[in-house]
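Just below is one structure, and these are the notes that go with it.
The values are calculated or read from the model by the stated rules, or taken from the named source; none is laboratory data. Because the structure is predicted, anything quoted here is derived from the model rather than measured. Cβ placement follows ideal geometry from the backbone for every residue including glycine, while neighbour counts extend to all protein chains displayed.
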Amino acid sequence: MSILTGASTAAALPPPSPDGAVFTFDDVGVRFGTTEVLRGVDLEVAGDGITVVLGPSGSGKSTLTRLCNRLLDPSSGRVDLRGTDVRALDVLQLRRAVGMVFQRPTLFDGSVGDNLAATGVTDAAAHEEVLDAVGLDAGFLRRDGGTLSGGEAQRVCLARSLLVRPQVLVADEPTASLDDASSRTLEQLARRLADDGVPILWVTHDLAQVDRIADARVVLEGGRVVAGR
Amino acid sequence: MSGPVELLGVAASGLLVLVAVGISAWAGLRLERDLIAAALRALVQLALLGMVLVAMIAPGQPIALSWLWVAVMILFAGWTVHRRVPDVPWLWMLSMAAFTAAAVVTLGVLFGAGVFPVDSTTVVPLAGLMIGNSMTATVLLSRRIMAEFRDKRLEIEARLALGQPSSQAAAPYLREALRTALVPQIETTKAVGIVFLPGMMVGLLLAGVTPLDAVQAQVVIMYLVLGSVAVTTSVVALGMRRILFTAAHQLRLPGTD
């Protein structure tokens, strides 16, 4: 446990394991003011493969992903990472264990290399290796983030979150702003990652995509799980 | 009145207000009432200020009265900031803390080094100048931080999601906002004497102080302002970071979520 985070009261991070659920949502509710975004959500995300959460926009999908790495805390109920309440874990370690890819590619100012270094991992060989894993060659390291296509940028974002070797990947409609070819590439990358033992929680509103990638599916509507616990 | 400007002179300068009113009427601006009201209001406020100044900071009055007035100025400046940037919680308290810190540092240096004597004629004017400028910078900075954070919200959350602590995730955006808030102050300082004569120096010259003395006083004042703006904005930037993130490194922007 890092001394920098000063996490004397935090529980140790549960080790990665393909058995059981990686995330367990227990009667989770989220309210913003008077608006209920999630209500009584019970949900298990399998410790292997790709679990897809499907739902129309406004159904609370994004909110659900943000609970996994504590960008947001629930108003009621609890979220466990492998049996431990995420609030009992050191939050900075939790976030490194839970990789996240957002709906829109969010590159920081600077080169692709700068973006990868923002993780704290500055080793050039590691940068090249992770770029290779998302299908980009080492020449990208010096490219300015602003010159990339949407698909390339999203792959860099994926590489950035993989660089710290997360135990699980949470992806919030990662292909929503991409063309078909880029979407397929990202789907294939997700499949390879899942086969390599990193479970994935993948949120989408695209039914055809669900059929292509889902090992398990959950349907969210109006802030409630309506099918496929 | 024994000052350089006679009462009659003040009345004569009122003609200039009438000129402004005339222009407004001629051009159909319909600002005549506003102009007269503003001119009268300024006159009344300054007259009241004069009376208070006589009562509180005239030579021989106890120095405690001056410090009391400084405290009132800080309170009022904090309220003004809060009113002009109402969407940031706790900003009133934060800006008061910032002004107090800036007062301690800058007045501490000026009085500590004996640049000015600590007496009832120096404390209030120096503190007033310092607080006034810090107030403007605080309004600018806090608005800039809110705009920057709203604009770059996704980037900040992407940084948090990588496990960066809030201090690190916020740094590039706070730095940008601080630069934006400080640059005008630096530009003004550069242009002083060439592009414009500061109001205080004009006042001193009109009151009959020699140009050299006026320049010396002005230089000190400029550095006072620069120093206090730097201290104030640093405190506000650090404080805003505490306000906009939870202890669990979660971004909490008012008006979103």
Point to revise | Condition broken by A:G49, with the remaining ones in (1) without any contact (Cβ under 8 Å) to a residue 12 or more places away in the chain; (2) in contact with an Asp or Glu (Cβ under 7 Å, 6 or more places away or on another chain) satisfied | key: (1)
Exercise for review: Go through the stretch A:125-139 residue by residue and tally those that are surrounded by fewer than 21 Cβ atoms within 10 Å (Cβ to Cβ) and touching a residue at least 12 places away in the same chain (Cβ under 8 Å).
Suggested key: 5
Review point. Quick check: anything in the stretch B:222-240 assigned by TED's automatic domain parsing to the domain that holds B:L141 and closer than 30 Å to A:T35 by Cα?
Key: yes
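In the list B:W26, B:W67, which residue meets the criterion of being over 22 Å from the mean Cα position of the chain (by Cα) and over 22 Å from B:G199 (Cα atoms)?
Details: B:W67 fails: over 22 Å from the mean Cα position of the chain (by Cα).
Testing whether each residue is over 22 Å from the mean Cα position of the chain (by Cα) and over 22 Å from B:G199 (Cα atoms) leaves just B:W26.
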Check your understanding: What number of residues within the stretch B:150-176 satisfy the criterion of being hydrophobic (A, V, I, L, M, F, W, C), facing chain A (nearest Cβ under 7 Å) and in contact (Cβ under 8 Å) with a residue 12 or more places away in the chain?
Key -> 1
Practice item. Output the number of residues of the stretch B:200-225 satisfying the condition of being touching a residue at least 60 places away in the same chain (Cβ under 8 Å) and not in a helix (DSSP H, G or I). Key: 2
Practice item. Say whether the condition of being at the interface with chain B (Cβ under 9 Å from one of its Cβ atoms), touching a residue at least 12 places away in the same chain (Cβ under 8 Å), of a type outside the set (A, V, I, L, M, F, W, C) and crowded, with 17+ Cβ neighbours inside 10 Å is met by at least one residue in the stretch A:75-90. Key: no
Practice item. Would you mention how many residues in the stretch A:116-169 are within 14 Å of another protein chain (Cβ to nearest Cβ), in a helix (DSSP H, G or I) and closer than 23 Å to A:L94 by Cα? Key: 11
